[in-house]
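Derivation of every value follows stated rules applied to the coordinates shown; laboratory data play no part. Remember, it's a predicted structure, so these values are computed and weren't measured experimentally. Neighbour counts run over all protein chains shown; Cβ positions are idealised from the backbone, glycine included.
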Amino acid sequence: MTVPVLLVLAAYGAEFTGVESIGMTVSDLDRSIEFYTKVLDFERVSDSEEAGDALERATGVFGSRVRRARLRLGEEFLDLTEFLAPAGRPAPLDQRSNDRWFQHIAIVVGDMDRAYRRLRAHRVRHASPGPQSLPAWNKNTAGIQAFYFRDPDGHALEIISFPPDKGLAKWRRGDDRLFLGIDHTAIVISDTEASLRFYRDKLGMRVAGESENYGIEQERLNNVFGARLRITSLRLETGPGVEFLEYLAPAGGRPYPPDALPNDLIHWQTRIVRAKSPNGARKSTLVRDPDGHAVEIVEP
């Protein structure tokens, strides 16, 4: 069940400090755990089942029973949820990177060539033809390398590497690991200003970067001919950032299905934590941003 965000934020006082995790719905949890741990070096830290009235109220899915696993990569967490009952709908076979239900996580790698070879060795599904290096003329993104691919359920994923003058300082620690952590989750939006009113003005996120990306490298990365994007990066104190992808061109990206539920495989959610709890009780509420992306507000 989703609740109007203004009511939730008014009740919580809008004191939010971090993105705790990014989550997605999967069809086969064991298969997904194997993929993320064996291919991308995530570590499983918990695995549990849940059913009952509280779950049904939280998800809006009657008769639901879920199995959840939390995975960690570096300092960031990914939550995978399988609905044991009832199963939801698969993702559309013709989904595109400019559809407004699009969301992904960007996994930082220490060596793009080596990471891409690892993905090829495991026969991952390409969503880009290959790693792309963003051009020097775009000073805000120059030298960044990125590649889109898909997990076993078709969820979009990105590996990304930063040049020395880009990205968070922690990505330049000289770590020997190949997959370092989750830098951000990216969401396609229809109107940057409307999304800023939600994420910046209501959730207190700060704008950390902006750019306008276009050209053959961006088109190939997103696999969308003629792609021109307004990109805005936001962050809280801790956790991954949230990156807006507003397609200035081409037109035609489909809206988030209004009848989508958390057991559908297009479901992702961004879990954001409030700073303090007056009574020590942990509760959460699922809200939707202006384009339908799910945000879980957690009070620790």
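Pull up the DSSP beta bridges for segment 103-249 and report the antiparallel fraction as a percent, rounded to 5.
75 percent
Remind me, relative contact order of the chain in percent, using alpha carbon pairs under 8 angstrom and six or more residues apart?
Relative CO of the chain lands at 26 percent.
Could you give the dipole magnitude of the chain about its Cα centre, charging the beta-carbon of Lys and Arg +1 and that of Asp and Glu -1, in debye to the nearest 20?
Numbers: 40 positive and 43 negative charges, 71 e Å.
For this selection, approximately 340 debye.
If you filter segment 22-87 for chymotrypsin sites (Phe, Trp or Tyr not before Pro), then keep DSSP loop positions with at most 10 other Cβ within 10 Å, what is left?
The qualifying sites are 62.
Please report the projected area of the chain's Cα convex hull averaged over all directions, in nm².
14.7 nm²
Determine by what factor the alpha-carbon radius of gyration of segment 103-249 differs from 2.2 N^0.38 Å, reporting the quotient.
Values: Rg = 14.9 Å, N = 147, 2.2 N^0.38 = 14.7 Å.
Cα-based Rg divided by the globular estimate yields 1.02.
Number of Lys-Lys pairs in the chain under 23 Å by Cα, sequence gap 8 or more or different chains?
Within the chain, the lysine pair count is 4.
Using Cα pairs under 8 angstrom and six or more residues apart, how large is the relative contact order of segment 176-300, in percent?
After rounding, I find 22 percent.
Which residues does the label zone of residue 85 cover in segment 25-51, counting backbone N under 16 Å from a point 7 Å along Cα→Cβ?
49-51
Using DSSP loop states and a limit of at most 14 other Cβ atoms within 10 Å to flag GluC sites (Glu not before Pro), what is the longest stretch of the chain containing no flagged site?
Result, exposed sites excluded: 76-236.
Just report the Cα centroid separation between segment 46-116 and segment 164-225, whole Å.
Here the answer is 20 Å between Cα centres.
In deg cm²/dmol and to the nearest 500, what is the mean residue ellipticity at 222 nm of the chain if only DSSP H runs of at least 4 residues count, each as -39500 (n - 2.57), divided by the residue total? All intermediate terms of the calculation are to be shown ahead of the outcome.
Numbers: 6 runs with 47 residues, N = 300.
Rounded to the nearest 500, it is -4000 deg cm²/dmol.
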